[in-house]
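The values are calculated or read from the model by the stated rules, or taken from the named source; none is laboratory data. Fair warning: this is a prediction, and the values are worked out from it, not measured in the lab. Cβ atoms come from the backbone with ideal geometry, glycine included; neighbour counts cover every protein chain shown.
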Amino acid sequence: MADEPRIHHYIPQAYLRGFGWKNGKNWYVNAADLKKLAYFQPNTKNVCAERDFMRFETKDHPPDKLEKEMAKFEGKAREAILRIEQTKTFEGEDKLMVLNLMALLAVRHPQMRENMRDFTERVSKVTMSMALATKERWEGQMRQMKGDGKPVNENVTYEQMKEFHERGEYKVTVLRELQIKSELKVLDTVLRTLVGRKWKLLYAAPDQGEFITSDHPVVITWNNPDKVPPMMRHSPGFGMIDTEVIFLLTHSCCLLGRFEGMEDGVEEAQGMLIAMCNTRMFSHAFDFVFTVDKRFPYMMPLNDPCWDDQFMQRAKDYRDKHPPKEEKVIEWSAEKGPPMPKAMPMPDREERWRAAGFSQAPHRPEEQ
């Protein structure tokens, strides 16, 4: 089809408008490229998009059917977000619409598809190594395939196949349609866990800064990471207790969800809480951070509050002083369990926040 849209957005344009501004017919955002450590101001239609990302080849529907339906849903979700922002309420159909959007954004991203492909490749190569362990086993596999009516290339010998496999110069791919099916299946599971959480709607207090977002806008973290085994600290599941989910709705409001220790409600967010949410957002971004203003509250390093337009320079300085280190594997026995590191001493919030130019260091939602 000549008019079929081929550039599909994995982060909706409608959502990014909540962190940008309109100029004529187009919407723009400030974008921070975390790999290049550089700013640019793109049109929202030119970021977080890939060719044929949601194209689904099937005999029952046109290949762009899914993308068009997604666009309709994303438009309705944008309307729900605007109503939530205006009314400062998070309930009813608008709540369900936003939770569906969150579930979608939690599972739909090129990096997540690559993770799925990489996992499939590693499993496939291990399986191939087992099949090629002996010539007898390989020939038995071939006989079984022929017996099942599957095509077998008899011109390739066992020795040739084994040598090809051991070179490792091949890549296992996964059909886009299979990836999309997997995403939709996981989406339903994630949605159920989001519905089960208590949600606090946070809106930015006047003159206390604005929220930011990223290309990974649904962030889940442990509430008490020191109590979690080291190998699990970087990958909490959406169904795990003692976790917290944040989702920045617009530059002026944010959602915070927990299973326990909090009730549904609405709260005004002071600068420190805005900075904490923003820091968590850029800390979990894949490639990009998006802001309506280059000047926003954040922490750099993670315990030092800032409210300026020097985010990229501070990030570069921090990266130069703290290059990534290879994590050490800590050995522990199943009988004794993992060693638990001592908690790091926290600096005085009030003192640091006043030094950054704010009137007070506000409490977190659970601090009553």
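Total residues in segment 101-147 satisfying the condition of being touching a His at 6+ places or on another chain (Cβ under 6 Å) and polar (S, T, N, Q): the figure is 0.
Going through (1) touching a strand residue (DSSP E or B) at 6+ places or on another chain (Cβ under 6 Å); (2) part of a loop (DSSP other than H, G, I, E, B); (3) charged (D, E, K, R) one by one, Lys36 falls short only on (1). Residues in segment 278-292 that are out of contact with any helix residue (DSSP H, G or I) (no Cβ under 9 Å at 6 or more places or on another chain) and assigned to a strand (DSSP E or B): Phe288 only.
Output the residue which, of all residues in segment 223-267 that are more than 23 Å from Ala77 (Cα to Cα) and touching a strand residue (DSSP E or B) at 6+ places or on another chain (Cβ under 6 Å), is surrounded by the fewest Cβ atoms within 10 Å (Cβ to Cβ).
Let us first name the residues in segment 223-267 that are more than 23 Å from Ala77 (Cα to Cα), namely 223-237, 239-243, 259-263.
If we keep only those that are touching a strand residue (DSSP E or B) at 6+ places or on another chain (Cβ under 6 Å) too, we end up with 223, 228, 236, 243, 262-263.
Values: Asn223: 16, Val228: 19, Pro236: 19, Thr243: 21, Met262: 17, Glu263: 10.
Result: Glu263.
The residue pairs whose first member lies in segment 157-186 and is in a helix (DSSP H, G or I), whose second member is of a type in the set (S, T, N, Q), and whose beta carbons are closer than 8 Å, counting only pairs six or more residues apart or on different chains, are His165/Ser129; Glu177/Thr58. Scan segment 58-92 for residues that are of a type in the set (Phe, Trp, Tyr) and surrounded by fewer than 18 Cβ atoms within 10 Å (Cβ to Cβ) and the total you get is 1.
Give Gln160, Gln111, Gln208 a once-over and let me know the one that is exposed (fewer than 15 other Cβ atoms within 10 Å of the Cβ), closer than 30 Å to Ala32 by Cα and among the polar types (S, T, N, Q). Can you show your working first?
Working: Gln160 fails: closer than 30 Å to Ala32 by Cα; Gln208 fails: exposed (fewer than 15 other Cβ atoms within 10 Å of the Cβ).
From the options Gln160, Gln111, Gln208, the qualifying one is Gln111.
Pairing each residue of segment 253-279 that is within 21 Å of Tyr15 (Cβ to Cβ) and touching a residue at least 60 places away in the same chain (Cβ under 8 Å) with any residue that is buried (at least 23 other Cβ atoms within 10 Å of the Cβ) and among the polar types (S, T, N, Q), provided the two are 6+ apart or on different chains, yields C-beta distances under 9 Å for Asn278/Thr291. The one condition from (1) in a strand (DSSP E or B); (2) within 21 Å of Leu96 (Cβ to Cβ) that Thr221 does not meet is (2). Looking at segment 59-72, can you tell me whether even one residue there is part of a loop (DSSP other than H, G, I, E, B) and in contact with a helix residue (DSSP H, G or I) (Cβ under 8 Å, 6 or more places away or on another chain)? No. Scanning segment 152-162 for residues that are at pLDDT 90 or above and within 18 Å of Ser124 (Cβ to Cβ) yields a total of 2. In segment 257-269 there is at least one residue that is farther than 27 Å from Val29 by Cβ and of a type in the set (A, V, I, L, M, F, W, C).
What about Pro206, is it assigned to a loop (DSSP other than H, G, I, E, B), under 18 Å from Pro297 (Cα atoms), out of contact with any Pro (no Cβ under 8 Å at 6 or more places or on another chain) and not charged (D, E, K, R)? For Pro206, the condition - assigned to a loop (DSSP other than H, G, I, E, B), under 18 Å from Pro297 (Cα atoms), out of contact with any Pro (no Cβ under 8 Å at 6 or more places or on another chain) and not charged (D, E, K, R) - is met.
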